[in-house]
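Report on the structure given below.
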Amino acid sequence: MCKDYVYDKDIEQIAKEEQGEALKLQASTSTEVSQQQCSVPGLGEKYPTWETTKPELELLGHNPRRRRIASSFTIGLRGLINLGNTCFMNCIVQALTHTPILRDFFLSDRHRCEMPSPELCLVCEMSSLFRELYSGNPSPHVPYKLLHLVWIHARHLAGYRQQDAHEFLIAALDVLHRHCKGDDVGKVASNPNHCNCIIDQIFTGGLQSDVTCQACHGVSTTIDPCWDISLDLPGSCTSFWPMSPGRESSVNGESHIPGITTLTDCLRRFTRPEHLGSSAKIKCGSCQSYQESTKQLTMKKLPVVACFHFKRFEHSAKQRRKITTYISFPLELDMTPFMASSKETRMNGQLQLPTNSGNNENKYSLFAVVNHQGTLESGHYTSFIRHHRDQWFKCDDAVITKASIKDVLDSEGYLLFYHKQVLEHESEKTKAKPR
């Protein structure tokens, strides 16, 4: 026997029928009580509203702060069964379920499903998935329903072929965004996507594009929402902007080693002014003629979670290959130099740290790394996730093992997830700096 998992339609139908009968029975026997109860988001189940008793209020008064988490705490560490080339999905699920604010959202039952068919709601399934992974059950979870919903809503990912983890991340965020309608109604949307759903509140940033006319120096500015930043690597078909020796050894705490490219180098190249050339003339709004121009990208608004994607898979007319260049990345990242408000600190294309770099508003902490081992044709995805401060684990489908910070920083890196430091929980802030 291969001991593989199969999907049985008959068993699934029986389960749905039994669940429906149970709900009907519950509704008929608790009509009066149901008026004082709330629905668990998207699942059709019921739970009573919590009314605090006097002893509970006294306990809360004596314990106003969250209890310290011991280093041996393992709630939230649960493997995921590979259902057949689904490592790309498993590693993204591990990163999402260890995103602090997203975890708090789902574990506090904030989602209110408004879909006509809740069983097709990906957000409802994510709610169930979060509860499963944080239930304390040590056995690996089988995410068959999540995979089924992904196949329904993102048909280009359907089937058991190898898929790209970055492509799955963007598709999952898009479906979650579309299915989140109704959550946090009334809250003012402060992100560039003008949406108040939990996905946009966490992942959406504002990317500013400044196009400068070379004739009249007029500037045309647009701001577009983005969920991630894709970064070119040295060795790709696109030219890479080399670093000036000895200029940036202290940026983001990255000690520059000759020949080693850093995340800061990639961000420098991403935000450098780029001459568009004579073959890409645009019509200037000021001088009303087609002129050569320069384009520069900067961050107008930073997201709560910054996701960086290294373009390791190159598809060109001549070849298809994987770029294995090692990129050094830090545990803590300051995005201040790459903000639109910091453009004046750039002198002749060189990066300079602003004088107020002690401001924590633009500082991030690394909490997840997705890696790809193998070639473009055959490979495997794994992830490193931060469970507590300085407590790292490697997630390889169903197997979760302890990892060191060195293991994380020495990994190749495909997707990097950083969380804003100012929004971390108080218990985490007390250890904001590594010892």
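The values are calculated or read from the model by the stated rules, or taken from the named source; none is laboratory data. Being a predicted model, the structure only gives us computed values, none of them experimental. Cβ placement follows ideal geometry from the backbone for every residue including glycine, while neighbour counts extend to all protein chains displayed. When the accessible area is computed, the model is the full protein with side chains, heavy atoms only, and any ligands, DNA or RNA have been set aside. Shrake-Rupley method; radii C 1.70, N 1.55, O 1.52, S 1.80 Å.
Considering only the Cα atoms of region 79-229, their convex hull presents on average a projected area of 11.3 nm².
Cα-Cα pairs above 14 Å in region 116-174: how many percent? Kindly include the intermediate steps, with their values, before the conclusion.
Working: 1022 of 1711 pairs.
When all Cα pairs of region 116-174 are counted, 60 percent exceed 14 Å.
Of the chymotrypsin sites (Phe, Trp or Tyr not before Pro) in region 70-170, the ones in a loop by DSSP (not H, G, I, E or B) with at most 15 other beta carbons within 10 Å are PHE73, TYR160.
For each pair in LYS322/LYS394; LYS145/LYS394; LYS300/LYS406; LYS295/LYS394; LYS318/LYS406; LYS311/LYS394, compute the distance between the two Cα atoms and list the pairs where it is over 30 Å.
Numbers: LYS322/LYS394 23 Å; LYS145/LYS394 24 Å; LYS300/LYS406 33 Å; LYS295/LYS394 40 Å; LYS318/LYS406 37 Å; LYS311/LYS394 22 Å.
Correct reply: LYS300/LYS406; LYS295/LYS394; LYS318/LYS406.
When a 1.4 Å probe is rolled over the protein heavy atoms, the share of accessible surface on region 356-395 that falls to carbon and sulfur comes to 41 percent.
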